[in-house]
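**Student:** Below is one structure. I have some questions about it.
The values are calculated or read from the model by the stated rules, or taken from the named source; none is laboratory data. What you see is a predicted model, and the numbers here were worked out from it, not measured in a lab. Cβ placement follows ideal geometry from the backbone for every residue including glycine, while neighbour counts extend to all protein chains displayed.
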């Protein structure tokens, strides 16, 4: 079978999450961020487009890095307050039947038993469509909301995360296949010989088990990961089945792709079992000029100042003391999340902090593809056929319009070219990802 492109829809349970001016657009559904139907409708659109999955980002704090206050992130709704994603996905599971359903949960904040039980439950409720976006957390304010003071030292967080994932797998494996017998005639509901203790003991983590949730349809959720640092890439090479990455152009995508795929292979895993999906923002119209008009209008709604606050949040450094119109390369910013900072610096020569804030507000440093279905498909296929990716995380400028227009206009063009599925071949999230990767 010809290599097939994989698509995952990006989402947050908050007003806006990728384009900070989208909530002001007259077509935006961001004015009802607490309505579950909003997210159910997005999921239906993605499933109609045969997407592999829907991926929900989560944060465990109100951002207050910029100026030491959360005021800029509440006055204008950037990626800020959020509902708990697994509960939302449990509802989404009832209105979909094929779409993978992935949510973020931090190894730094939650114990393995909670993580394992939560995702096993979602996997049951969805019939085998659960995915775990496995993150380590980068901001001390998150752990302070859980009663701690500081996160582990940066170099140890992935060591700890390795043990959390190992412990989760030990818990998921405490129930063998066929442990649930449900034999009414003979009065046997479960076979105790097929349920075991985990008794996992690591340097940092331990758990007894068994898990209180029977073995789920996939056995374990699909593992997603987004680490960009060297240690994050090592972690991804060991565990990730989907890597969500962020790059400004094809050259940087290709460099990341080749590096991580080689790490996966060197670690003894099949590189085809790790889909690398960079994020892209798409604005599509019937013609290139119509698409450009749409992009110009929605981009005019962006707040560059809010974008700078969001960059502060992303790298964990207060940028409020830096002049907005000073070139970025003239600033000595040595702290913060190194992987994210490297991404922000890609192609930033001559840009001011205000410029970077505007770009972040528009597309969070991902490429913004603007054009007709043919033009957008050309761009996607160019990156895909250059072996710079295995598909894409589709980040909508405007919800639900960006999703629906992509599904109705770009997906048929990709199908016509033979690089994207016309129908689902499997039922589970993992089966979708393994299809012709």
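**Student:** Do you know which residues across the stretch 267-289 are closer than 19 Å to residue 406 by Cβ, assigned to a helix (DSSP H, G or I) and in contact (Cβ under 8 Å) with a residue 60 or more places away in the chain?
**Tutor:** 288
**Student:** Among the numbered conditions (1) in contact with a strand residue (DSSP E or B) (Cβ under 8 Å, 6 or more places away or on another chain); (2) farther than 27 Å from residue 234 by Cβ, tell me where residue 187 comes up short.
**Tutor:** (1)
**Student:** In the stretch 171-189, how many residues are touching a helix residue (DSSP H, G or I) at 6+ places or on another chain (Cβ under 8 Å) and under 16 Å from residue 223 (Cα atoms)?
**Tutor:** The number of residues fulfilling the criteria is 2.
**Student:** Residue by residue through the stretch 1-28, note down the ones that are over 12 Å from residue 402 (Cβ atoms) and in contact with a helix residue (DSSP H, G or I) (Cβ under 7 Å, 6 or more places away or on another chain).
**Tutor:** Of everything in the stretch 1-28, those that are over 12 Å from residue 402 (Cβ atoms) and in contact with a helix residue (DSSP H, G or I) (Cβ under 7 Å, 6 or more places away or on another chain) turn out to be 5, 6, 13, 15, 20, 21.
**Student:** Say whether the condition of being modelled with pLDDT of 95 or more, out of contact with any helix residue (DSSP H, G or I) (no Cβ under 8 Å at 6 or more places or on another chain) and in a helix (DSSP H, G or I) is met by at least one residue in the stretch 234-254.
**Tutor:** Yes, the stretch 234-254 contains at least one residue that is modelled with pLDDT of 95 or more, out of contact with any helix residue (DSSP H, G or I) (no Cβ under 8 Å at 6 or more places or on another chain) and in a helix (DSSP H, G or I).
**Student:** Next question, about the same structure. So which of 205, 264 ends up being under 22 Å from residue 113 (Cβ atoms), surrounded by 16 or more Cβ atoms within 10 Å (Cβ to Cβ), touching a residue at least 12 places away in the same chain (Cβ under 8 Å) and more than 19 Å from the chain's Cα centre (by Cα)?
**Tutor:** Testing whether each residue is under 22 Å from residue 113 (Cβ atoms), surrounded by 16 or more Cβ atoms within 10 Å (Cβ to Cβ), touching a residue at least 12 places away in the same chain (Cβ under 8 Å) and more than 19 Å from the chain's Cα centre (by Cα) leaves just 205.
**Student:** Does the stretch 370-384 hold any residues that are farther than 17 Å from residue 404 by Cα and touching a strand residue (DSSP E or B) at 6+ places or on another chain (Cβ under 6 Å), and which are they?
**Tutor:** 379
**Student:** Moving on to the next point. If we only count helices (runs of 4 or more DSSP H) wholly inside the stretch 391-437, which ones have 1 or more residues that are modelled with pLDDT under 95?
**Tutor:** 429-434
**Student:** Determine whether the stretch 339-346 contains at least one residue that is over 22 Å from residue 69 (Cβ atoms), part of a loop (DSSP other than H, G, I, E, B) and either in contact with a helix residue (DSSP H, G or I) (Cβ under 9 Å, 6 or more places away or on another chain) or at pLDDT 65 or above (or both).
**Tutor:** The answer is yes; a qualifying residue exists.
**Student:** Does the stretch 402-422 include one or more residues that are crowded, with 20+ Cβ neighbours inside 10 Å and at positive phi?
**Tutor:** The answer is no; no qualifying residue exists.
**Student:** Tally time: how many residues in the stretch 290-302 are more than 25 Å from the chain's Cα centre (by Cα) and not in a helix (DSSP H, G or I)?
**Tutor:** Looking only at that region, the number is 1.
**Student:** Of all residues in the stretch 119-151, which are modelled with pLDDT of 95 or more, under 24 Å from residue 238 (Cα atoms) and in a loop (DSSP other than H, G, I, E, B)?
**Tutor:** 128, 129, listed by residue number.
**Student:** Please find, within the stretch 149-202, the residue that is farthest from the chain's Cα centre (by Cα) out of those that are within 21 Å of residue 114 (Cβ to Cβ) and in contact (Cβ under 8 Å) with a residue 60 or more places away in the chain.
**Tutor:** That would be 200.
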